[in-house]
Amino acid sequence: MDIKRMIVFVVSAVIGLATPFALIAYFGTTPQKFAYSNIALVAISVASIVGIWLDYFLDTKILKS
């Protein structure tokens, strides 16, 4: 069970950190045009959503039902 929980944490963190930079690259802009707090909020929100879905699919029960 601990391996599954570690997978949930690592995968959600990696996807959460990669998403803002992928969006910035996709739209052809630079991070300097945005407030860094907005980049952080996108990273945290995407990581949270991915973590919730991975918790559900891997049945780790980190979140209570």
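Any read-out appearing in this document is the output of simple, stated calculations on the displayed coordinates, not a laboratory observation. A quick note: this is a predicted structure, and the numbers were derived from the prediction, not measured. Don't worry about glycine lacking a Cβ; one is built from the backbone with ideal geometry, like all the others, and counts go over all protein chains shown.
The table that follows gives values for the structure above.
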read-out	value
Alpha-carbon Debye profile of the chain, log10 I(q)/I(0) at 0.19, 0.23 Å⁻¹	-0.70, -0.87
Crossing angle, helix 36-58 versus the chain [Cα axis fit, 0-90 degrees, rounded to tens]	30 degrees
Loop-resident sites, the chain, for trypsin sites (Lys or Arg not before Pro), counting at most 10 other Cβ within 10 Å (DSSP)	Lys64
Rounded to 10°, Cα long-axis angle of helix 2-26 versus longest principal axis of the chain	20 degrees
In nm, spacing of pseudo-spin labels at Asn38 and Leu58 (7 Å Cα→C-beta vector)	3.2 nm
Residues of type lysines that Lys4 reaches as a straight line, Cα spacing below 28 Å, ignoring anything fewer than 8 places off in the same chain	Lys61, Lys64
About the Cα centre, charge dipole magnitude for the chain (Lys/Arg +1, Asp/Glu -1 at Cβ), debye	80 debye
Chymotrypsin sites (Phe, Trp or Tyr not before Pro) lying in DSSP loop within region 16-65, provided at most 10 other Cβ fall within 10 Å	Phe27
Burial ordering of Thr30, Thr19, fewest other beta-carbon atoms within 10 Å first	Thr30, Thr19
